[in-house]
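Below you'll find the structure, written out as structure tokens, and then a few comments.
The values are calculated or read from the model by the stated rules, or taken from the named source; none is laboratory data. These figures come from a predicted structure and were not determined experimentally. All Cβ positions, even for glycine, are placed from backbone atoms using ideal geometry, and neighbour counts span all protein chains on display. Heavy atoms of the whole protein, side chains included, go into the accessibility calculation; ligands, DNA and RNA do not. Shrake-Rupley method; radii C 1.70, N 1.55, O 1.52, S 1.80 Å.
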Amino acid sequence: MDISYIINELGEEREHYFNAVAPPIIQTSNFASRTVEDLRQKMLQEPEATLYTRGNNPTVTMLEMKIAALEGAEHAIAFGSGMAAVSAAVLSQLGAGDHVVSVQKPYSWTNALMQKFLPRFGVDVTMVDGTAAANYRNAIRPNTKILYLESPNSYTFELQDIEAVVAIAKEHGLVTIIDNSFASPINQNPIAMGVDIVVHSATKYIGGHSDTMGGIVCGRREVVNKIFVSEFMPLGAVLSPHDAWLLLRGLRTLPVRMARVAETTRQVVAWLEGQPKVEQVLFPFLPSHPQYELAKKQLRNNTGQFSILLKTDDIGKVELFCNSLQHFLMAASWGGHESLIFPLAASYAPGKLKPKLPFNLVRFYIGLEDAEYLIRDIEQALEKI
Ligand SMILES: *Cc1c(COP(=O)(O)O)cnc(C)c1O
């Protein structure tokens with residue numbers, strides 16, 4: 001399917017709503033049936049019938065259809081946040097006594113799910129360095145159920161060789177789940193590489209305007225429908241019709257934004273690489289990066305996230321650099337119109353456990369501003385240190 005078709009036409013039934021170009025927000029909790037037979041049929045088709053908005057709602061369904069198609073998946077369910085999608089996907093494959101092998105350093109709350117939440121229910125998790133697929137194989141136990149990927153992973157952007165991990169999972173009859181938020185459905189489609197379940201934080205690139213939260217789970221119809229009954233309906237992390245509508249609006253410009261962000265980010269990174277006060281730029285699309293070839297193989301293009309290590313052992317200088325930036329907001333998240341930084345230095349506090357990542361690491365997200373405008377800002381902040 002053409003991306004242009006998916007974004008502009010798929011799932012839009014304009015003749016049903018006055019040929020309005022923008023879809024309606026079906027802001028209702030409930031849907032009525034005319035006859036007992038009508039209701040009976042809907043209940044029989046529950047995972048795909050429109051009965052109650054915690055299950056299905058036409059505005060949300062339109063979003064699910066489009067993202068499933070962008071990912072090359074049979075089906076999708078939208079959730080109220082990315083974490084709701086990650087948790088539902090992971091829980092759907094587990095029972096007490098099972099074991100998960102996860103990439104190390106995933107998104108922070110995925111890490112909490114793996115290390116704190118799952119053990120409460122008798123599930124063991126082994127976190128592995130995902131840069132060598134063999135580390136996944138070596139961690140497999142008789143009770144392993146899931147190989148969990150996030151490629152590239154958060155903050156340091158190491159890649160996992162998706163096809164190699166899938167091959168290991170297939171040998172052992174395991175389910176693969178990948179968090180594909182980093183790449184967006186435009187730049188990486190893991191289902192074509194054999195992954196079973198793809199999850200996204202739609203809050204990031206899909207929404208794209210820093211005004212909505214959402215998540216999505218994509219996979220085979222049978223797998224997604226099982227999640228519908230076993231996790232989605234009982235846990236109730238529903239996406240509101242209005243938020244689905246905002247995410248649909250974000251989708252309209254997703255390819256354009258991804259292309260713009262990719263280009264600007266390459267310019268900013270190229271400039272940063274030559275800076276004497278920058279020790280290292282962590283960005284898989286640099287030819288000097290050890291996983292450059294794999295990045296080019298798995299991803300269609302770079303995105304807007306990278307990190308730098310400032311060349312200093314003085315946390316005060318890191319703080320001065322960050323505080324001096326005028327055009328980067330200091331905030332979590334990424335994927336919106338606005339450029340952001342997230343300094344690891346903020347995780348360093350007296351009396352707190354020392355974080356695993358160094359204090360001179362600053363994560364960047366490049367938004368839709370001009371490259372020169374952002375480079376000039378970084379330049380003046382570097383001059384201050
Ligand atoms: C933000 C993020 C999430 C969580 O998504 P929310 O929408 O904030 O719940 C999950 N994975 C990754 C990689 C993220 O960056």
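Observations on the structure shown:
- Listed by chain and number, the lysines whose alpha-carbon sits under 16 Å from that of K297, ignoring those within fewer than 8 places in the same chain, form an empty set.
- Accessible surface of E369 - all protein chains present, 1.4 Å probe, nearest 10 Å²: 40 Å²
- As a length-normalised measure over Cα pairs under 8 Å and 6 or more apart, the relative contact order of the stretch 3-252 settles at 26 percent.
- Taken along the Cα-to-beta-carbon direction at a fixed 7 Å, the label points for Q267 and A22 span 3.0 nm.
- Ranked from largest to smallest solvent-accessible area, with a 1.4 Å probe on the protein heavy atoms, D38, D124 come out as D124, D38.
- Portion, in percent, of the accessible area of the stretch 254-383 that falls on carbon or sulfur, probe 1.4 Å: 55 percent
- Accessible-area value, C218, 1.4 Å probe, nucleic acids and ligands omitted, Å²: 0 Å²
- E293-M43 pseudo-label distance in nm [points 7 Å out on the Cα-to-Cβ vector]: 6.0 nm
- Rounded, prolate or oblate (a/c below 1.5 giving rounded, otherwise prolate when a/b exceeds b/c) for the stretch 3-252 by Cα gyration tensor: prolate
- Averaged per residue, the chain has 44 square angstrom of accessible surface, using a 1.4 angstrom probe with ligands and nucleic acids left out.
- Along the chain, the longest continuous region that contains none of the chymotrypsin sites (Phe, Trp or Tyr not before Pro) in a DSSP loop with at most 12 other C-beta atoms within 10 Å is 122-385.
- What a 1.4 Å probe finds exposed on the stretch 3-252 is 55% carbon and sulfur by accessible area, rounded to a whole percent.
- Think of each Lys and Arg Cβ as +1 and each Asp and Glu Cβ as -1; about the Cα centre, that makes the dipole of the chain roughly 680 debye.
- Between the residues S29, H99, C218, the greatest Cα displacement towards the positive end of the dipole of the chain, with unit charges on the Cβ of Lys, Arg, Asp and Glu, is found for H99.
- Size of electric dipole in the stretch 254-383: Cβ of Lys, Arg +1 and of Asp, Glu -1, about Cα centre, debye, nearest 20: 580 debye
- Measuring only protein heavy atoms, the 1.4 Å probe finds L39 accessible over about 70 Å².
- Structure-based [θ]222 nm, the chain - -39500 (n - 2.57) summed over DSSP H runs of at least 4, per residue, nearest 500: -10000 deg cm²/dmol
- Cα gyration tensor, the stretch 254-383 - rounded (a/c under 1.5), prolate or oblate: prolate
- For the stretch 233-286, the square roots of the Cα gyration tensor eigenvalues, ordered a ≥ b ≥ c, give a/c of at least 1.5 with a/b greater than b/c, which places it in the prolate category.
- Extension gain (nm, one decimal) between L10 and A192, 0.36 nm per residue minus Cα-Cα: 63.5 nm
- DSSP beta bridges in the chain [antiparallel fraction, %, rounded to 5]: 55 percent
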